[in-house]
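Take a look at the structure set out below.
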Amino acid sequence: MSRTVYVNGDYLPEEDAKISVFDRGFLFADGVYEVTSVLGGKLIDFEGHAVRLERSLAELDMGMPMTRDALLEIHRRLVAENRIEDGMVYLQVTRGAADRDFAYPPEGTAQTVVLFTQSKPGLADSPAARTGIRVATVPDLRWDRRDIKTVQLLYPSMGKMAAKAKGCDDAWMVEDGAITEGTSNNAYIVKDGVIVTRQLGPEILHGITRAAVLRFAREAQMKVEERAFTIEEAQAADEAFVTSATTFVTPVVEIDGVAVGKGAPGPVAQRLREIYLEESRKAGI
Ligand code: PLP
């Protein structure tokens, strides 16, 4: 059955949805996006994603195309119309369609706003959460404003393919000897009970799941250090894991062929996943 998608004010069957070939998202990757997960028909951390969207847009001299309440309404309608129990809502806002020119189009050019859903039954019960994933490291060759959630995702995509070619599930990116983050997630290690993850800055995306997980960890009296860590430190850690909106907390059991800890999901990652899922389901809207 065809999905209903949202394009610039209209709810349409996916096959009827169209955007211009002149759209700057298509020509210049001049756009930003958000992914909000859905569990039990409820949106997880919608507010966090809306706040980050506003920030990404502002960093690129764009405004919000509509109020947060209007965005929430669209999310909810798509979840309902497409009967999404578990899955996600993808949202993209671009600078709109204009004659191809490196300079931004004139003020008042309509932004393009697209939203669609993807159903992922059993999203919170993935095999990866039980077995953990294996990662390979790749150099971080992205631009220097990774805190803006732009649609320029070619390098992370290439990184993921390079990892898959080595028989791994994902890549961790490395810059100046330190891990920045995963291709589509934030990276963590655990050593002697301390959770270590890279500090916020332009080098990484400020994960919405990261913020929630660190808050829950601190509330549970776990120690957290926000600082850079090396590949060697990660390989010698007791545990490693990643976080993102659609994978929640997922253990990492191997880095560049070296088993992390016992080579199996560790207790800290498992506990944080449980807490995150429980609290997020409760707070879902
Ligand atoms: N880092 C990168 C590069 C990402 O692409 C993502 C998610 O897409 C994340 C981190 C995790 O962010 P969030 O927890 O907001 O999904």
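Read-outs: derived from the displayed coordinates by stated rules, not from any lab. Model, not experiment: these values are computed from the prediction. Note: ideal-geometry Cβ built from the backbone for every residue, glycine included; neighbour counts use all protein chains shown.
The table that follows gives values for the structure above.
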| read-out | value |
| --- | --- |
| Check: the chain dipole with +1 on Lys, Arg Cβ and -1 on Asp, Glu Cβ, in debye | 540 |
| Whole-Hz couplings from phi, Karplus 6.51/-1.76/1.60, listed for the range 220-230; x for Gly and Pro | 8, 6, 7, 8, 10, 10, 9, 7, 6, 9, 8 |
| DSSP bridge pairs, the chain: antiparallel proportion in percent, nearest 5 | 80 |
| Acute angle (nearest 10 degrees) that the helix 68-81 long axis makes with the longest principal axis of the chain, alpha-carbon atoms | 80 |
| Simple label model, 7 Å out from Cα along Cβ direction - E59 to E233, nm | 2.3 |
| 3J(HN,Hα) from dihedral phi, the range 105-114, Karplus parametrisation 6.51/-1.76/1.60, rounded to Hz, x for glycine, proline | x, x, 3, x, 5, 5, 6, 9, 10, 10 |
| Virtual spin-label span in nm between D16 and L141, 7 Å along Cα→Cβ | 4.3 |
| Alpha-carbon Rg/Rh ratio, for the range 127-283, with Rh computed the Kirkwood way | 0.93 |
| Local net charge near S2, Cβ-Cβ under 10 Å (Lys/Arg +1, Asp/Glu -1) | -2 |
| Net charge over other residues, Cβ less than 9 angstrom from the Cβ of V194 (K, R count +1; D, E count -1) | 0 |
| In the range 82-126, chymotrypsin sites (Phe, Trp or Tyr not before Pro) in a DSSP loop with at most 12 other beta-carbon atoms within 10 Å | F102 |
| Stokes-Einstein D for the range 212-285, Kirkwood Rh over Cα pairs, 37 °C, 0.692 mPa s (µm²/s) | 249 |
| Separation of alpha-carbon centers, the range 65-85 and the range 173-218, rounded to whole Å | 29 |
| Cα Rg, Dmax, the range 4-123, angstrom units | 14.5, 45 |
| GNM flexibility winner over the chain from G41, G177, G87 (Cα, springs under 10 Å) | G177 |
| Under the Karplus curve 6.51 cos²θ - 1.76 cosθ + 1.60, θ = phi - 60°, whole-Hz ³J(HN,Hα) for the range 235-245, x wherever Gly or Pro sits | 5, 9, 6, 7, 8, 9, 7, 10, 9, 6, 4 |
| Cα Rg over Rh - the chain, Kirkwood | 0.97 |
| Label-point separation, A70 to E107 (7 Å along Cα→Cβ), nm | 1.9 |
| FRET efficiency estimate (nearest 0.05) - Cβ-Cβ, L154 to E47, R0 30 angstrom | 0.50 |
